[in-house]
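The values are calculated or read from the model by the stated rules, or taken from the named source; none is laboratory data. For clarity, every value in this text was computed on a predicted model and none was experimentally measured. Cβ atoms come from the backbone with ideal geometry, glycine included; neighbour counts cover every protein chain shown.
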Amino acid sequence: MRELSILGSTGSIGTQALEVAEHLGNIKIAALTGNQNIDLLEKQARKFQPSMVAVMDENYAKELKTRLHDTQIKVLAGMEGLIAAATINSAETVLTSVVGNVGLQPTFEAISAGKNIALANKETLVSAGQLVMDLARKKGVSIYPVDSEHSAIFQALQGNECNSIRRILLTASGGPFRGKTMEELMHVTPSDALKHPNWSMGRKITIDSATLMNKGLEVMEAKWLFGVTAEQIEVLIHPQSIVHSAVEYEDGAILAQMGEPDMKVSIQYAFTYPRRIKNAFPKVDFTQRTALTFEKPDMKTFRCLALAYKALHVGGTLPTVLNGANEIAVEKFLAGKISFLEIPELIEQTMNAYTVKYDYTLEDLLEADTWARGFASCLNFR
């Protein structure tokens, strides 16, 4: 019986991960964490009986502790609680599925404690890719990508370690605004942006998908996960979301991983690698999926993708700043404080105002994130 700790168990990835764990039947849940949805977290805790749960918000943690008083489950709060869940002794693997830079410190601590990482928190590698990968190598732990695109690349690389990669083809659905002009995007609302055509995800990642920032973050993540350059990563708009991503080798052969838009397959592979286990998840019927199409992304209209490539090329602490500014921009857009087209403007102004640091520590990255959030929060366009 393997033990697993899930950071972000009440989110989209976390809830699906618990379904996968229940399906597999040989995984015990050691710890769960959430933010404010303690109704769901209480249900999960009672069902899976972890040793501990942690809640970022201390007031919600107090309430959950009262609710679970009749159990032996330990309830912790704040970043300390998150780190405790990430480093709990019994867990072999930690699924990091929290959203944003909040996952950075717990992931570092989990790796330092010798835990394998099932990675669904892309911001960890965006902000601290070099530090994370260096630490993982030092500690001899494995990082299994959970995002469908990076899982697809990881799967396409199996058995090809001796072959050189020509390029990675990173696919994107294009989001709800694919093909729209800047004029058409001037007055879109948060509810418009939250209507993703293929995937059911959390609010932040859904907005990132609409701006193509999500794909920009994935480009940066791919660089660190697979040891390639930015020039070797090509984004392709693929509206059907059947080809999850592909690897082209030097001889021109392309290996792609395909499937219905369902995160459970990549979650399960991260849990069972290198084995593939039978399941009842949706399967592709190619007689119904008769057309697979591909387009180049419009980086002039969807400028967030271009900004992500810029941050990756500049390097240093700039990707951290881009990520922090983006989180603030998304919050402001969802709150109706900025328009959709002002999201990349806010991010770019924050990046331009920042002095990049190239010789950095984890503390420097956390400081850069704090600076970016503070600067971006003060920017106003109205």
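Select from region 1-25 the residues that are small (Gly, Ala, Ser) and within 16 Å of residue 86 (Cβ to Cβ) and write down the one among them that is farthest from the chain's Cα centre (by Cα). Among them, the one singled out is 5. Yes or no: residue 123 of a type in the set (Asp, Glu) and either over 22 Å from the mean Cα position of the chain (by Cα) or over 20 Å from residue 269 (Cβ atoms) (or both)? It is true that residue 123 is of a type in the set (Asp, Glu) and either over 22 Å from the mean Cα position of the chain (by Cα) or over 20 Å from residue 269 (Cβ atoms) (or both). Taken over region 227-242, the criterion of being in contact with a Phe, Trp or Tyr (Cβ under 8 Å, 6 or more places away or on another chain) and not in a loop (DSSP other than H, G, I, E, B) is satisfied by 230, 236, 237.
Restricting attention to region 25-38, the residues being free of Cβ contacts under 8 Å to residues at least 24 places away in the same chain and touching a Ser or Thr at 6+ places or on another chain (Cβ under 9 Å) number 0. Kindly provide the set of residues from region 195-212 that are under 13 Å from residue 99 (Cβ atoms), of a type in the set (A, V, I, L, M, F, W, C) and surrounded by 24 or more Cβ atoms within 10 Å (Cβ to Cβ), ordered by number. Within region 195-212, just 207 meets the criteria. Please go through region 137-169 and pick out each residue that is polar (S, T, N, Q) and in a loop (DSSP other than H, G, I, E, B). Matches in region 137-169: 142, 158, 160, 163, 164.
Among residues that are hydroxyl-bearing (Ser, Thr, Tyr) and over 19 Å from the mean Cα position of the chain (by Cα), residue 358 is included.
Looking at region 271-382, the helices (runs of 4 or more DSSP H) lying wholly inside it that each contain 3 or more residues that are within 30 Å of residue 118 (Cβ to Cβ) and of a type in the set (D, E, K, R) sit at 362-378. For region 273-294, state whether one or more residues are within 22 Å of residue 143 (Cβ to Cβ), among the basic types (Lys, Arg) and surrounded by fewer than 24 Cβ atoms within 10 Å (Cβ to Cβ). Yes, region 273-294 contains at least one residue that is within 22 Å of residue 143 (Cβ to Cβ), among the basic types (Lys, Arg) and surrounded by fewer than 24 Cβ atoms within 10 Å (Cβ to Cβ). Tell me whether region 281-288 contains one or more residues that are in contact with a helix residue (DSSP H, G or I) (Cβ under 7 Å, 6 or more places away or on another chain), within 30 Å of residue 158 (Cα to Cα) and modelled with pLDDT under 95. Checking region 281-288: at least one residue is in contact with a helix residue (DSSP H, G or I) (Cβ under 7 Å, 6 or more places away or on another chain), within 30 Å of residue 158 (Cα to Cα) and modelled with pLDDT under 95.
Every condition in (1) over 19 Å from residue 330 (Cβ atoms); (2) of a type in the set (Lys, Arg); (3) outside the structural domain of residue 18 (by TED's automatic domain parsing) is met by residue 138 except one, and the failing one is (3). For region 341-375, residues that are surrounded by 15 or more Cβ atoms within 10 Å (Cβ to Cβ), hydroxyl-bearing (Ser, Thr, Tyr) and over 30 Å from residue 192 (Cβ atoms) total 2. Note on region 120-130: residues that are assigned to a helix (DSSP H, G or I) and touching a helix residue (DSSP H, G or I) at 6+ places or on another chain (Cβ under 6 Å) total 7.
Taken over region 38-68, the criterion of being under 23 Å from residue 87 (Cβ atoms) and either polar (S, T, N, Q) or touching a His at 6+ places or on another chain (Cβ under 7 Å) (or both) is satisfied by 44, 49, 51. For residue 301, indicate whether it is under 21 Å from residue 178 (Cα atoms), surrounded by fewer than 23 Cβ atoms within 10 Å (Cβ to Cβ) and in contact with a His (Cβ under 8 Å, 6 or more places away or on another chain). Here the answer is no, as residue 301 does not meet what is asked.
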